[in-house]
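Data block below; observations after.
All of the numbers you see were taken from the coordinates with simple rules; none came from a lab. Quick caveat, the model's predicted, so the values are computed rather than measured. Glycine gets a Cβ as well: all are built from the backbone with ideal geometry, and neighbour counts include every protein chain shown.
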Amino acid sequence: MGNEVPIVPFADIVEIISGGTPKTSIAEYWGGEIPWLTVTDFNTGYRWVNSADKTITDLGVSNSATTILNQGDVIISARGTVGVIAQLARPMAFNQSCYGIRGKMGLSNTDFIYYALKNAVSQILQVAYGGVFNTITRDTFKIIKTRLPHIKEQEAIACILGALDDKIELNRQMCKTLEDTAQAIFKSWFVDFDPVHAKAAGKQPVGLKPEIAALFPDSFVDSELGKIPKKWSVRAIGEMIQVLGGGTPSTKDSNFWINGVHPFCTPKDMSSLSVPLLLSTERKLTDDGIARISSGQLPLGTVLLSSRAPIGYLAVTEIPVSINQGIIAMVCNEHFPNYYALHWTRTNLGIILSKANGSTFLEISKSNFRLIKAIVPTVEVLNSYMGLVEPLYSRIESMLLENQLLITIRDELLPKLISGDLRINCTERILERGA
């Protein structure tokens, strides 16, 4: 009996810290150096939150109920989308719809508490209350409970799960770096025209192999979009690629959905992508369901753009998919290849939005989208661009697939380690390796 591990309320083992919002009407409180978190900033599915959309000043902190949490502290959403949890990669303030959580010194390890709270989300959702919005309060932490092993075992559990999350985060950062590289090449070649400007000035384009530099002209010509490189053209996007829409089979007809195996994409599937490669979808269709969508099943490499509520989510399909009516699909070819289309769309979102209309929400129609004018480089330049960026996206896909596996392993280990179904008998060795 003496070796039994106690099950305790979270309120007994953590500090609970409240947030707040500086007055939005006082400009001096906003735009400072202190990140100010809302749930939108950390509802990413990842452990660490590094930044916030809004920042506040020291004056904003001192004149409001907000608090600056320490690096490593836990933040949990308490209203609306309840139970979203992250850890802070740096000190940050936060709003009143969240709680900051910190382990009590000598009693609980904050990293362990992060995973224990992740394991307790189902408890949290069961006790959340509210009419319009689900809500949890400080009393919620008196109700939800966790097993609390010795502090060394807590640290070892956090070390094991943290190693998986660290690899997931490393892969995510590498994916972002590779995608930023592809975007930087696009901007240099197709927005700033750096190679053409260099050659026009009698210089060798920086960073380009001679055989690639030779593909660029050394002068510009006038066009309806301004000066563009010689021998390049301006065409309506609908002339260059196939622009398709989607639809949603009746959700009341089970023949379209039950035991479906064909991925069905909605803007929600695209909204959570940290890098715009679509590897899976939440819902799946049957053969009968696909037959109900005019565009059918789209091929790998199709570029997707959410066309309403909101406009602007992007993805390149790495699986065959069907799409709903909130997405425009771009089936590309060598004259306007998919990664060029992806970065062209991202670069021109402002123009796309200007062509949208609607009373309830803005929507860009397929007909309006098809008319948008695009700069079309020569096939030789486009092939060179694809030759550079396709390997980058292949590496991204590999790391995303690895992350899916790591997430599965972590999510299987988490409840077993927290509950004690899987015990750790070599905590010192694990902690030495993790140090």
Just list whichever of LYS231/LYS268; LYS23/LYS167; LYS167/LYS373; LYS227/LYS366; LYS268/LYS355; LYS142/LYS284 have alpha carbons separated by over 32 Å in the model shown.
LYS231/LYS268; LYS23/LYS167; LYS167/LYS373; LYS142/LYS284
Pairwise label distance in nanometres, THR181 with VAL379, each label 7 Å out on the Cα-Cβ vector:
2.8
Please give the net charge around TRP257, taking every other residue with its beta carbon less than 9 angstrom from that of TRP257, where Lys and Arg add +1 and Asp and Glu add -1.
+1
Quick one: Cα convex hull volume of the range 280-398, Å³ per residue?
121
May I ask which residue of GLY32, VAL127, THR55 lies farthest towards the positive end of the charge dipole of the range 7-148, with charges of +1 (Lys, Arg) and -1 (Asp, Glu) on Cβ and the Cα centre as origin?
VAL127
Once the Cα atoms of helix 151-186 and of the chain are each reduced to a long axis, what angle between those two axes, in degrees from 0 to 90 to the nearest 10, is obtained?
10
Between VAL234 and SER359, what FRET efficiency comes out of the Förster formula 1/(1 + (r/R0)^6) with R0 = 41 Å and r the beta carbon distance, rounded to 0.05?
0.80
HN-Hα J couplings of the range 47-54 from phi, Karplus 6.51/-1.76/1.60, θ = phi - 60°, integer Hz, Gly and Pro as x?
5, 9, 10, 9, 8, 10, 5, 10
Would you kindly state how much longer the chain becomes between THR44 and ILE258 on full extension, computed as 0.36 nm times their sequence separation minus their alpha carbon distance, in nm to one decimal?
74.1 nm
Taking the convex hull of the alpha-carbon atoms of the range 220-332 and averaging its shadow over every direction gives an area in square nanometres of 8.3
Here P(r) for the chain, Cα-Cα distances in 10 Å bins, as whole percents, is 4, 17, 22, 23, 19, 10, 3, 0, 0
Listed residues MET330, SER307, ILE319: farthest to the positive end of the dipole of the range 233-376 (Cβ charges)
SER307
Taking the mean number of other Cβ atoms within 10 Å as a proxy for protection, how do you rank 284-294, 305-315 from highest to lowest?
305-315, 284-294
What share of Cα pairs, in percent, lie more than 18 angstrom apart in the range 25-116?
42
Rounded to the nearest 0.05, what FRET efficiency do VAL191 and ASP139 give with R0 = 56 Å and r taken as the Cβ-Cβ distance? Could you check?
0.55
Nothing charged except the Cβ atoms of Lys and Arg (+1) and of Asp and Glu (-1): what's the magnitude of the dipole of the range 1-148 about its Cα centre? Round to the nearest 20 debye.
320
Let me check I have the definition right: for the range 80-141, take the eigenvalues of the Cα gyration tensor, multiply each by 5, take square roots. What are those semi-axes in whole Å, largest first?
21, 15, 10
Given 10 as the ceiling on other Cβ atoms within 10 Å, longest exposed-site-free region of the chain for GluC sites (Glu not before Pro) in DSSP loops
5-223
The range 181-199 scanned against label point 7 Å out from ASP218 along Cα→C-beta; backbone N under 17 Å for 194-199
